[in-house]
Structure formats: structure tokens, C-alpha cells
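The values are calculated or read from the model by the stated rules, or taken from the named source; none is laboratory data. Fair warning: this is a prediction, and the values are worked out from it, not measured in the lab. FYI the Cβ positions are ideal-geometry reconstructions off the backbone, even for glycines, and counts take in every protein chain you see.
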Amino acid sequence: MINLDTPIEDVPRIGINYQKKLKKLGIQTVQDLLFYFPQRYDDFSDVIEISQVQAGNTICVQGEIIETNLSRTFKRGMNIIEITVQDGSGEIKALWFNQPFLEKTFRQGDFVCLAGKASLGKKGIYLSNPVHEKIGQFEENEDLTHTARIIPVYGETKGVSSRWLRYIIKPLLTQFIEVVPEILPKNILEKYKFMGIQNALWQVHFPDSFEAADAAKARFSFEELFILQLSVLREKAKLLQKKAPNCPMDADLMKKFTASLPFELTASQKQCTFAILKDLEKEAPMSRLLEGDVGSGKTVVAAMCALNVVKCGYQVAFMAPTEILATQHYKSISNMLKTFGVSVELLTGKTLGRKKLLEKLFAGKIDILIGTHALISKGVEFKNLALVVLDEQHRFGVAQRAHLVKNKQLIPHLLSMTATPIPRTLALTVYGDLDLSLIKEMPKNRKKIQTLIVEPKQRKEAYQFITSEIKKGRGVFVICPKIDSTKTKLEEMQKRGPVSGSFIPQNYNVAMLGVTEIKSVKEEYEQLSKEIFPDFNVTMLHGKMKPKEKERIMLDFKNGQIDVLVSTSVVEVGVDVPRATVMMIEGAERFGLAQLHQFRGRVGRSDMQSYCFLFTTSPDQLNRKRLKALVDSSNGFELAQKDLEIRGPGQVYGYAQWGLPDMAMQGLSNIFLVEKTRAAAKEVLEKDINLADHPLLKERVNRLRTQIHFE
Ligand code: ADP
Ligand code: MG
């Protein structure tokens, strides 16, 4: 007896090879198969007479095979299978190329249904590689699977064809449809007039009409986003029931702090700080996302809140994604707070005297501990942590927060900072458990960064301009898409001899091998230091270097000992070098818009005019359009929106890595759906926070939690 939970291994007709392939698609059980939805449909529902077929149209015909000409082999080894089908109104030939296994499929006298595009050949109209299906001779309204209807086309992966999936899924649907349970609460089904689960499953795979398919998909999109909303909102509600350290705002201290700064805070910075300080006064733990474009000044907001927390007698943890950034934050925060009697320390994987430091931390003698992921390594325990600040890593589970504190009854507040603009639909779903603060404006003294697309023939001119900037004492970033050159790799391969069947001729050239040349840090460094800027100090920086070395280089660059820094995307986030005025990006088309915008934000961090040069050799229009968007806009939100429009949701933000079901992903761009699901989820949770009355929903929510990993 098989049921919905039966593993695919135990389903008849799925051989061992297919089992492996299905697992690669994430399909483990009968249920998974039923919920593996098509990506699109082909409409073969209109069966016409053969005499009506016109070349160029996609058509479906039925008839008897009156002639077969099987497995002829043509020159160059091409195999052709040809049949002639007749339906009383006329006859038509159908040909299949290089599918010799079809030889056994067709016999004279069989009745078939054929669907596909009609082509015009020398001998008249024919069908090339049509979809085919055997049919009964006299049956009226026979329910076919591959033809004579709207047929599902699944996302095909190597070796799993839509035809095979239809052949497997349809009988399973017939067998199991009755036992697929309804998961949506009745009132929601009624309120939104959704199709019931069983009808929806049929209609999503084998729809009666495109309208029915759309209605079915609308239901499943709703369902997936609804589950996501339940998950996010439930976590949020549960967290709000917990207690957090209480940190009343010290207005005088805050005034003193702002007065000590060498600049005036922007209105946005003030508003955000106030919102955070208000949260810190509450009993429940804060979960707030502070969003602000690169250079908008998030660090000072965090420092101010940290100071307030420390003066309430608590500790602060400040976590950055890289060693360089942690060190930079350590320096700037120590500096900002130096007159306030606050003890600030740095902890990274490389910290010496870790044991002593951790003892001090546990004894409460350190007020603010800044660091990398080392902050959540084993043995790190705060005495009375009240605030966790995260830079450029949006998430930090409640469990992780609790893990850092001795008193597990109190959950520390969380402030997460990011320069990644988050569209509204995401703010209400994936980030729906976080409250949002926005720094909307840049510090006043900033000049707009001039952004230019540089054509290959303008390269020399660009170098001349850069030389004049260096002579003024300015710093220059050069970003390359990769570390090693293709050439070096090829040379290595040549030395080692042919590897795994690949042979590289002695007199290779890159273009010959079909590899487009992509600038590499090492090559570019050689060229710039020896040929272009021989009189200046050119240095390279990349992710394979030791953290200490990277840090020393960044410092030298910051202090002006290095003029040109050739680097990979390691400088992407946060590094502050006010004297840098030129950002030069090689192979700009290879980076996402958000990433390019981040690179650009590395310059223009002072009152000096700064420049961003985008070097590209790509003639591709889409790439051009994206780069043009960067030239035209300096607003991160606008760019995020454009990136979404130009590339589509699957390509942006690494959505794909989140592990969300397809239907939920698709729904993420639909604000109406997002709002509907949020309202519905709130309604359910208000009455039943533990989902005790909705065991099926609860199970799905829990399952989703194990599948997703949001950044
Ligand atoms: P980000 O938001 O990218 O993290 P930072 O916090 O690193 O930005 O700030 C960038 C630079 O701007 C720092 O050198 C900081 O001292 C400076 N800064 C921050 N706020 C202001 C302001 N209101 N006016 C002038 N400079 C500011
Ligand atoms: Mg920053």
C-alpha cells in the first residue's frame, strides 16, 4: 500500500536512475511529486482536421498511421523516423530526428494524436518532432495526457522530461487526490474564493483552461506566502512575549555625544537614533533593521545607542562580516567614545590574549566588544549583554542572541544595519519580523559621485585622468572580477600536461579556447605597476591573503602610502578611506547593480569630488542598460528596483539561496498578495498563536523553518 508519504523508491514505474534524478530536484515522496508544479503550459486543446493544418501554426491532429518509414539513417549519421497519418480529411507526415528509440512506438494501423508546429517542406506540410500519444480508435472524449489538451511543461533537469513527469504524475494524481488534505482554513478559502486543494492540484497539472490554471496557482502562491507569514509573524509574536534589558534614554548624555562629533547629524540619523532609543526603553526585545545607503552614516547611530546602553550598566556586542571591517569599527567607535569613559575591545579569530579578554568580558569590565564571527564562538559569554549590533548580516536568531547572555531570561535587543535596499514586499515577508528604520539622506558635505561608462578606446584617457588624481594625493581603487588570470591557469595546465582529457596546445591564445578574457587582480596589478603607473605605489589585495596582511594594506591605503589598490570584491562592504576619489571597475557587467553601487560607495566619503569608472567590453544590451541605470541613479532603492525589473527576481539578492518554494518566490513581487497573506496570517495567529487548532498548518510552518535560511 502506498500513500502520500511513500518514498519514490517504492512507487512502481520509477526506476533507480529516475529516483536519483528526482532527488536532485528535491523530490522524495509521492506528495513531493504531486506538488512539483509545471512552469508553463502548451495549449494543444484544439484538435483540428488534417486538411485545416497551416504551416507555421502550432496544431493538434488525430488519425491513423497509414505508413511508417522507420529509422532511416542519413548522411552524417542522422537518424530519421517518419510516419504518415490520415484522418479522413487528409494526411500529414511527421518526422522525428535522432530519436531512434521511437522505432518501436509506431505501427501501421495505430491511432495517434500529434501536436506541434507545422512546417513547410519541399514535399508539403509536415510536423517536425511533434508530441505524440497513442489513442483508442473509437473513444470519444478520451482523457489524454500529452496532447489534445492544455499540457503541463515542467522545469526540466537533465534526464527528467516533462513527458516522463506527466506519465508519472497523472496516475498518482488519480490515485491519491482524495487523500490530499486541505491545509487552508475554511474561512480563508471562502473569504478569498480559493479553489479547494484537490481541484487546485488537478488544475495546476492538467488544467481545463488557462483561467483554471491561474486560479489554482493563485491559491498555491497564497498558501506558500501564508505559511511564510505565519512563520515570521509567529516568531515575532513569540519574541515580544519575552523580556529584554531595560535601557532608559539619557537625553543629556545623547546631547553631549552629538555635541562632541565633528559634524552635525542628518535629520534621518536623528530620527533613526530616536526610534532605536525608544525601542531600547521597552520591556520586549527590539528587532530593528537600520537601512541606509553606503556612506549615510549608520555607524555613528549605532555608537550613540551603544553609549546609552552602556551608561545603563549593560554591555554591547558589535559584529562585522570581516576582520577589516571589525577593526575599522573598533577604531572609529573607540575614537567617538573616547571621552565618555567606555571600555571598547576587539575580538577576532586572530586576537591574542583571548582568554584574558573573555575573562574581562564575563566580569563585565568590557562595555563594548566589537568583532567578527569570533563573537559567537565557544567560550564567549557576556555578563549583562543588552544590545547586539550587526553590520551587513541581516539575521541573527533568537537562540543566538540568548546564547550570548548569562541570564537566559533576558533576550538582548538586536540592531541590524544594512546598505542593501529592501523592497517593500520583502520587508513585509522575509524581513517581516524586523521593524524598519531608514536613513534617507546623505551627510550634507557629500558631492555626487560622477559615474561614467568607459569604452575600450577611452582607456588611455581614463588612465591620464587617474594619474592627475594620484598626483593630488588621492587614492584609487581598481576592482577586478577575479584573482587569477585565465592565462596563468592555462599555463599551469600546460606545465602539468593535459588534465582529464583536456589538451591545451603550446601556442594557445585565450580567444581560441573560447574563453573571453576577464581581468584578474594579479594580471592587472602587474600591468598597472609596471606599465601604467610605474612612478606610484600600486598594491594588490584579495581574499586569499592573510587577514593581517589585508589589514596592513588597507591601513597603508588609508594613510596614503599606497596610491592604487587593485582588488577583488573584498572591499565591497564598509571600508572607509576618505582620501579615495576614484573607483575603477573592470568587467563591470559581471557584477550586480547592488554590488556595483556598493563599490561606488567606497569613494565620495569626504567633500572631494569622486569618480566611478565602469570599464566594460560587453556589447550586450541588457548589461548596458544596467550600467546605464548606475550612471543615472545614485539611489540604492531605485537601483534595487531597477535591478529587479531588468534581471527578474530570481537573479537579485541571491533569493535563490533562501530555499523558498517557487510559488512563494513568485508571490514575493506581488504586493497585493503579500498584504493579503499578512492579514490572513495575523487573523489566525491572534486567536491561536501556537497553531494548536491548525495542526496541518503548524506542521507546514515547522517544515518551512527547516528549509529556509534567510540572510
Ligand atoms: P555607512 O552607513 O556606510 O556605514 P559610515 O557610518 O561608515 O557609513 O559613515 C561614513 C562616513 O561618514 C564616516 O567617516 C562618518 O564619520 C561620516 N559621517 C557620518 N555621519 C555624518 C554626518 N552627519 N555628516 C558628515 N559626516 C558624517
Ligand atoms: Mg558601514
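Looking only at residues in the stretch 403-452 that are at pLDDT below 80 and hydroxyl-bearing (Ser, Thr, Tyr), which one is farthest from residue 704 (Cα to Cα)?
So the residue we want is 420.
Please go through the stretch 436-478 and pick out each residue that is under 29 Å from residue 292 (Cα atoms), more than 15 Å from ligand 1 (Cβ to nearest atom) and among the hydrophobic types (A, V, I, L, M, F, W, C).
Answer for the stretch 436-478, where residues must be under 29 Å from residue 292 (Cα atoms), more than 15 Å from ligand 1 (Cβ to nearest atom) and among the hydrophobic types (A, V, I, L, M, F, W, C): 436, 452, 453, 454, 476, 477, 478.
Can you tell me which residue is surrounded by the fewest Cβ atoms within 10 Å (Cβ to Cβ) among those in the stretch 401-421 that are part of a loop (DSSP other than H, G, I, E, B) and within 16 Å of ligand 2 (Cβ to nearest atom)? Working first, answer last.
Initial filter on the stretch 401-421 (part of a loop (DSSP other than H, G, I, E, B)): 404, 406-409, 411-412, 419-421.
Now narrow it down to the ones that are within 16 Å of ligand 2 (Cβ to nearest atom): 419-421.
Numbers: 419: 22, 420: 20, 421: 22.
So, considering only residues that are part of a loop (DSSP other than H, G, I, E, B) and within 16 Å of ligand 2 (Cβ to nearest atom), the one surrounded by the fewest Cβ atoms within 10 Å (Cβ to Cβ) is 420.
Within the stretch 331-340, can one find any residue that is among the polar types (S, T, N, Q) and within 11 Å of ligand 1 (Cβ to nearest atom)?
Checked against the condition, which is being among the polar types (S, T, N, Q) and within 11 Å of ligand 1 (Cβ to nearest atom), the stretch 331-340 yields at least one hit.
Pull up the stretch 264-283, narrow it to residues that are part of a loop (DSSP other than H, G, I, E, B) and within 16 Å of ligand 2 (Cβ to nearest atom), then point me to the one that is nearest to residue 329 (Cα to Cα).
Filtering first and then ranking leaves 265.
Report, by residue number, each residue of the stretch 359-374 that is buried (at least 19 other Cβ atoms within 10 Å of the Cβ) and closer than 18 Å to residue 310 by Cα.
If the condition is that a residue be buried (at least 19 other Cβ atoms within 10 Å of the Cβ) and closer than 18 Å to residue 310 by Cα, then 361, 366, 367, 368, 369, 370, 371 are the ones that fit.
Quick test of your reading of the structure: residue 300 fulfils all but one of (1) away from ligand 2 (no atom under 16 Å from the Cβ); (2) part of a helix (DSSP H, G or I). Name the failing condition by number.
(1)
Any chance the stretch 554-562 includes a residue that's at negative phi and under 31 Å from the mean Cα position of the chain (by Cα)?
Yes: one or more hits.
Only one of (1) surrounded by 15 or more Cβ atoms within 10 Å (Cβ to Cβ); (2) small (Gly, Ala, Ser); (3) closer than 30 Å to residue 42 by Cα is not met by residue 196, so which one is it?
If we test residue 196 against (1) surrounded by 15 or more Cβ atoms within 10 Å (Cβ to Cβ); (2) small (Gly, Ala, Ser); (3) closer than 30 Å to residue 42 by Cα, just (1) comes out false.
Which of the residues that make up the stretch 584-623 are under 20 Å from residue 461 (Cβ atoms), buried (at least 17 other Cβ atoms within 10 Å of the Cβ), away from ligand 2 (no atom under 16 Å from the Cβ) and not hydroxyl-bearing (Ser, Thr, Tyr)?
Residues satisfying the conditions are 584, 585, 586, 587, 588, 612, 613, 614, 615.
Show the residue pairs that are 6+ apart or on different chains and have beta-carbon atoms under 6 Å apart, the first residue being within the stretch 672-686 and modelled with pLDDT of 90 or more, the second being of a type in the set (S, T, N, Q) and part of a helix (DSSP H, G or I).
Once the first residue is modelled with pLDDT of 90 or more and sits in the stretch 672-686, its partners that are of a type in the set (S, T, N, Q) and part of a helix (DSSP H, G or I) give 677/229; 678/229; 681/229.
I'd like to check something: does the stretch 284-291 contain any residue that is within 12 Å of ligand 1 (Cβ to nearest atom), assigned to a strand (DSSP E or B) and more than 15 Å from residue 387 (Cα to Cα)? Full working, then the answer.
Within the stretch 284-291, the first condition is being within 12 Å of ligand 1 (Cβ to nearest atom), and the residues that meet it are 290-291.
Checking the rest, the ones that are also assigned to a strand (DSSP E or B) come to 290-291.
Add one more test, that the residue is more than 15 Å from residue 387 (Cα to Cα), and what stays is 291.
Checked the stretch 284-291: at least one residue is within 12 Å of ligand 1 (Cβ to nearest atom), assigned to a strand (DSSP E or B) and more than 15 Å from residue 387 (Cα to Cα).
If we keep just the residues of the stretch 316-346 that are in a loop (DSSP other than H, G, I, E, B) and away from ligand 2 (no atom under 16 Å from the Cβ), which is farthest from the chain's Cα centre (by Cα)?
Per the criteria, the residue is 341.
Can you confirm whether the stretch 262-279 contains a residue that is more than 31 Å from the chain's Cα centre (by Cα) and away from ligand 1 (no atom under 16 Å from the Cβ)? Before the answer, list the steps.
Taking the stretch 262-279 first, the residues more than 31 Å from the chain's Cα centre (by Cα) are 262-267, 270, 274, 277-278.
Narrowing further to those that are away from ligand 1 (no atom under 16 Å from the Cβ): 277-278.
Yes, there is a match, as at least one residue in the stretch 262-279 is more than 31 Å from the chain's Cα centre (by Cα) and away from ligand 1 (no atom under 16 Å from the Cβ).
Kindly indicate which of 364, 349 is part of a loop (DSSP other than H, G, I, E, B) and more than 35 Å from the chain's Cα centre (by Cα).
Working: 349 fails: more than 35 Å from the chain's Cα centre (by Cα).
When all the criteria are applied, what remains is 364.
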